[in-house]
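The values are calculated or read from the model by the stated rules, or taken from the named source; none is laboratory data. Everything quoted here is computed from the prediction, not taken from an experiment. FYI the Cβ positions are ideal-geometry reconstructions off the backbone, even for glycines, and counts take in every protein chain you see.
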Amino acid sequence: LLLLAYENLSFLPTTAVYDLYTFIFGLLALVFAVFIWGGKKVGWIGTVAVSLFVIVADSLTVLDLPSIPGIPKFPAIAEIAYSLLIVFYLLQDNIREKYLVQAKIENWKKIN
């Protein structure tokens, strides 16, 4: 994200950058959904990672800070809300246990 702040992307229409971003997001969401449906831990991790990335990128857009060019503000707010719902759902104890993420999070809490 920070690299995009210093890159000269003026040769690309902002809609092309946003279209590519949306395509990659959709593709990753599809791949990780398949893993989640299969009960794989990588699906849980990937979905949380992609959702957190979307939250950060869209938050930067809403705050008028450098982000992915072309992200519209109004849909960004909806994407933040949707991604937060997904993350909060996946962070529930019973869901983490299903994907064997519980032990890692408890160990992390003990360290901090």
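Observations
- Output for region 31-76, where each listed residue is among the β-branched types (V, I, T), more than 15 Å from the chain's Cα centre (by Cα) and over 22 Å from T15 (Cα atoms): V34, I36
- Taken over region 74-102, residues that are in contact with a helix residue (DSSP H, G or I) (Cβ under 6 Å, 6 or more places away or on another chain) and either aromatic (F, W, Y) or loosely packed, with under 14 Cβ neighbours inside 10 Å (or both) amount to 2.
- Taking (1) at pLDDT 85 or above; (2) exposed (fewer than 12 other Cβ atoms within 10 Å of the Cβ); (3) at negative phi in turn, A33 satisfies each apart from (2).
- Total residues in region 41-98, condition farther than 18 Å from G26 by Cα, part of a helix (DSSP H, G or I) and of a type in the set (S, T, N, Q): 3
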